[in-house]
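In what follows, a structure is listed as structure tokens, so that the remarks can point back to it.
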Amino acid sequence: MKPFAYQVPGDAVAAVRSVAAVPGAVFLGVGTNLVDHLKLGVVAPDLVVDVTALNSDEITDDSGGLRIGAAVRNSELAADRRVRERYPVLAQALLAGASGQLRG
Amino acid sequence: MAQSFVDHDAFQCGYCTPGQVCSAVGMLDELARGWPSAVGTDVAADPQLDEAEIGERMSGNLCRCGAYANIVPAVLGRVSTHRQAGPARAQATHGARP
């Protein structure tokens, strides 16, 4: 894997500024796919900006639906009682993806 | 759990065994919290532990020796011992020898 700089910005504005300043810089959100691509050489950025902690990991009721934060893990979403009762196809699709340990 | 693997001869070379034991403990914890799996046809129902559920929930751990035939009974055996021992004793056993 090609070496790269790693940053954990304190807020969204700083994150955007960091990525905008370096050509080819990428955001890292949890990272299951990006880390695979880094290892395989599919992408080789000079800078990785980790925004995992900046995203919401909450699932909240919203206007008759659900608002799902970008950092909600697949397993937690599939296990959410509201998803299982109101959106079972979503839960089934999440559970069919990979195995539990890799699902994120 | 480790003792149950020994009791059920749930390994051959032993290479994958630490991961199998850790996965089994973690999987049972998820099951106790009512997390569904891809096995159940009704995701809203509380999952019940059986051989199919163990196979699905342990599916990330491969055993090149093919000891699955004994790994599944080892996990079921651990659950059965846990229930017979009762919550208080099972908790103590769990802490001393997960």
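The values are calculated or read from the model by the stated rules, or taken from the named source; none is laboratory data. Model, not experiment: these values are computed from the prediction. Every residue, glycine as well, gets a Cβ built from its backbone with ideal geometry; the counts of neighbours run over all protein chains shown.
Kindly establish whether A:Arg17 is within 14 Å of chain B (Cβ to nearest Cβ) and either modelled with pLDDT under 95 or over 30 Å from B:Gly40 (Cα atoms) (or both).
When the stated conditions are applied, A:Arg17 does not pass them.
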Only one of (1) touching a Pro at 6+ places or on another chain (Cβ under 7 Å); (2) farther than 28 Å from B:Asn61 by Cα; (3) within 14 Å of another protein chain (Cβ to nearest Cβ) does not apply to A:Val26, and that is (3)
Any idea which residue in region B:16-46 is farthest from the chain's Cα centre (by Cα), counting only those that are more than 19 Å from B:Ser4 (Cα to Cα) and of a type in the set (S, T, N, Q)? B:Thr41
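Residues checked against (1) more than 9 Å from every other protein chain (Cβ to nearest Cβ); (2) modelled with pLDDT of 95 or more:
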site: A:Leu38; (1), (2): yes, no
site: A:Leu47; (1), (2): yes, yes
site: A:Ile59; (1), (2): yes, yes
site: A:Ala96; (1), (2): no, no
site: A:Gln101; (1), (2): no, no
Please enumerate the residues belonging to region A:68-85 that are more than 9 Å from chain B (Cβ to nearest Cβ) and more than 20 Å from A:Asn33 (Cβ to Cβ). A:Asp80, A:Arg82
Within region B:17-73, residues being assigned to a loop (DSSP other than H, G, I, E, B) and away from chain A (no Cβ under 13 Å) number 8
Within region A:37-54, can one find any residue that is β-branched (Val, Ile, Thr) and touching a Lys or Arg at 6+ places or on another chain (Cβ under 8 Å)? no
Residues that are touching a residue at least 12 places away in the same chain (Cβ under 8 Å) and more than 15 Å from A:Pro45 (Cα to Cα), drawn from region A:1-28: A:Val8, A:Pro9, A:Asp11, A:Ala12, A:Ala15
How about region A:26-58: which of its residues are at positive phi and surrounded by fewer than 12 Cβ atoms within 10 Å (Cβ to Cβ)? A:Gly41
